[in-house]
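The values are calculated or read from the model by the stated rules, or taken from the named source; none is laboratory data. Keep in mind that this is a model prediction, so the values were computed, not measured. Methodologically, a virtual Cβ is constructed for each residue, glycine included, from the backbone with ideal geometry; neighbour enumeration extends over all protein chains shown.
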Number of protein chains: 2
Amino acid sequence: MSPQRLYIGLDVGGTSMKAGVVDDNGHAHSGISLPTEPHKGQQHGLDTMCAAIRQAAAEAGLTMADIVAVGVATPGTMDLKTGYILDPPNLKPWRDVPVRDYVRSQLHLPTAFQNDANAAAMGEYWAGAGRGYHSLVFFTLGTGIGGGIILNGAVLEGEHSHGGELGHVKIEMTNPRLCGCGKVGCLEAYASATQVVKRAREAMASHKSLLHDWPLTDGELSAKDVFDAADKGDALAEQIVDETAYYLALGASNVMHTIDPDAIVFGGGMIAAGEPFLERIRRHIPRVAFPVPAARTQIRFATLGSDAGFIGAAACARALVVK
Amino acid sequence: MSPQRLYIGLDVGGTSMKAGVVDDNGHAHSGISLPTEPHKGQQHGLDTMCAAIRQAAAEAGLTMADIVAVGVATPGTMDLKTGYILDPPNLKPWRDVPVRDYVRSQLHLPTAFQNDANAAAMGEYWAGAGRGYHSLVFFTLGTGIGGGIILNGAVLEGEHSHGGELGHVKIEMTNPRLCGCGKVGCLEAYASATQVVKRAREAMASHKSLLHDWPLTDGELSAKDVFDAADKGDALAEQIVDETAYYLALGASNVMHTIDPDAIVFGGGMIAAGEPFLERIRRHIPRVAFPVPAARTQIRFATLGSDAGFIGAAACARALVVK
């Protein structure tokens, strides 16, 4: 048996970036984190990316000569074909940053570039909740809702780098909520952690709830507080949680009737709500989806947590050298 | 240059089935039609399929020995992997019909089996409005709304034969219309020809319109009447038409944010409404879709008419023998 090839994946976020060495089985051999500090400018950001990759190798007791390819995942907007970040809301004031070419020129290794949610989808597919499935759709539930689609073992990037923008599938026309993207009626405008809080506040304005006297986890109301209050039997919180599950079931149903994947995986901070929330999503699906996909599509929570991005970025690196 | 290979595609509908010989360039050399007569039972249906295929060869002055593969497209429900029609609403009382194996056993040729809307998508991709594009999403606007997705040159079938069921993507929660599928809020419940008529009738109950005294084309109100009245400046009809365009723009936007294809093609009877209707759809898209796909995705009407199905079925046949 030949020795395992090793890759480094890097997942760049608005606050910090995480990098790790990953082997051919999707197993992480290291995991380090550096602050992104986007306000220090994009050259600083690019240098930090290279530093994080080198540090991940060092932490695993390796040199860059042991690494066969690297993968970098970032938030959008982006052009996946050219490897540029374009105008990223979460990395201001960066603009038109040639991530892939810069990293490749510094590290002299095959370099993959991917959207962060797509990379997390790839990570879960390769080494997490989606392992063993043929195709997968991933929703990441955080401040916003990201998405990623894995078909035939690869990310569905789309022709204009907009594949899997599943937070912005429209689910409502009559009385649509405003989304962070500026449009209305998007799934994200209903079911992100931010919107769970917003919807709870709106309901609290006219209804009593334990949340009015809740010991707030973070000083102000969070999605976790709403889920905790629901667990304690608070009717208002329970309704918000159940509606959120219904919205996510609609999102899942819409990809069942479009992609029809083996598995739909939910990740991101909100899955800390645990198995009862997953069960709520599952219960709503037969109401909205056709019987066959409703019965057969696997609905799962992600298992890699915040490592999914760098592991998935490493999977994209691997795809450059393993055919 | 070697002589062209020839295929036969067959498109089975609830009323009639259409078959034709198609060459490697997607050019049809014949096109014949036979009544489906589903009430005569599935054995009769299977025999008619084989007869239609043989007749298509004869009409082109060929024998079956000149044909390298055949493709059969039918309405669902179906299992694409096993080649069965399961419980087709439009082919009652057929049930669990082994279409692919039967046709193959009778004709002794490689035999492809595909959903009719998927086949039409493939036809338009190969030889119609989608020619030259890398990926395509197709909506067929008739009694219902069918869909088909072409990625990497092949139909996205999905894991459970439900890929591209785009008429059943949900676009409304608050006040959702009942869909023919039994669920609510589906695109089809808003924008099919049947629903255009239904929505016009509902509006006519409380508003004046030229449609109250319209010389009906088919004895009762049809989608064509509504489109014609809109062309004549009738305010009610114009609103119905414009709302229909908006619903289709939502459907298009949802696939832009999922698949992000090169081209979105609308086909089916309703596109007889012509270029002004296409322009209305295009105008609504920037309201609902992200700027990049809204600006770059090509929005087109189908060009193959009712031949798209058999030409696409032939494309699926060709895919069995040309790698």
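Assorted remarks:
- Residue list for region B:22-58, filter: over 22 Å from B:Gly132 (Cα atoms) and assigned to a strand (DSSP E or B): B:Ile32, B:Ser33, B:Leu34, B:Pro35
- Matching residues in region A:3-13 - criterion: being modelled with pLDDT of 95 or more and surrounded by fewer than 24 Cβ atoms within 10 Å (Cβ to Cβ): A:Arg5, A:Leu6, A:Gly13
- Subset of region A:165-209 that is buried (at least 18 other Cβ atoms within 10 Å of the Cβ), of a type in the set (S, T, N, Q) and part of a loop (DSSP other than H, G, I, E, B) - its residue that is nearest to the other protein chains (Cβ to nearest Cβ): A:Ser192
- A:Gly268 vs. criteria in contact (Cβ under 8 Å) with a residue 60 or more places away in the chain and farther than 28 Å from B:Leu136 by Cα: yes
- Hey, A:Glu243 surrounded by fewer than 19 Cβ atoms within 10 Å (Cβ to Cβ) and in contact with a Phe, Trp or Tyr (Cβ under 9 Å, 6 or more places away or on another chain) or not: yes
- In this structure, A:Gly167 qualifies as within 18 Å of A:Ala120 (Cα to Cα) and either among the charged types (D, E, K, R) or touching a helix residue (DSSP H, G or I) at 6+ places or on another chain (Cβ under 9 Å) (or both).
- Criterion: surrounded by fewer than 18 Cβ atoms within 10 Å (Cβ to Cβ) and among the hydrophobic types (A, V, I, L, M, F, W, C) - qualifying residue of B:Ala60, B:Ala51, B:Ala56: B:Ala51
- Residues of region A:55-109 that are of a type in the set (Ser, Thr, Tyr) and closer than 23 Å to A:Gly158 by Cα: A:Thr74, A:Thr77, A:Thr82, A:Tyr84.
- Among residues of region B:49-94, those that are under 22 Å from the mean Cα position of the chain (by Cα) and aliphatic (A, V, I, L, M), counted: 12
- Just one of the listed residues (A:Val103, A:Val155, A:Val97) is within 21 Å of A:Ala28 (Cβ to Cβ), more than 14 Å from chain B (Cβ to nearest Cβ) and either more than 16 Å from the chain's Cα centre (by Cα) or surrounded by 24 or more Cβ atoms within 10 Å (Cβ to Cβ) (or both), namely A:Val103.
- Test: residue in region B:219-228 that is in contact with a helix residue (DSSP H, G or I) (Cβ under 7 Å, 6 or more places away or on another chain), polar (S, T, N, Q), touching a residue at least 24 places away in the same chain (Cβ under 8 Å) and closer than 17 Å to B:Ala203 by Cβ: yes
- Tally of residues being out of contact with any strand residue (DSSP E or B) (no Cβ under 6 Å at 6 or more places or on another chain), of a type outside the set (Gly, Ala, Ser) and over 17 Å from A:Asp87 (Cα atoms) across region B:282-295: 6
- Here A:Gly45 passes the criteria (1) closer than 21 Å to A:Asn115 by Cα; (2) out of contact with any Ser or Thr (no Cβ under 8 Å at 6 or more places or on another chain); (3) not β-branched (Val, Ile, Thr) except the one numbered (2).
- Residue within region B:176-191 that is more than 20 Å from B:Ala272 (Cα to Cα) and among the aromatic types (Phe, Trp, Tyr) present: no
- Among the residues of region B:250-270, those that are crowded, with 22+ Cβ neighbours inside 10 Å, part of a helix (DSSP H, G or I) and more than 10 Å from chain A (Cβ to nearest Cβ) comprise B:Ala252, B:Met270.
- The set of residues in region A:204-262 being under 24 Å from B:Gly185 (Cα atoms) and hydrophobic (A, V, I, L, M, F, W, C) consists of A:Ile240, A:Val241, A:Ala245, A:Leu248, A:Ala249, A:Leu250, A:Ala252, A:Val255, A:Met256, A:Ile259.
- In region B:113-152, residue surrounded by the most Cβ atoms within 10 Å (Cβ to Cβ) [restricted to those that are aromatic (Phe, Trp, Tyr) and either more than 26 Å from B:Pro88 (Cα to Cα) or within 9 Å of chain A (Cβ to nearest Cβ) (or both)]: B:Trp126
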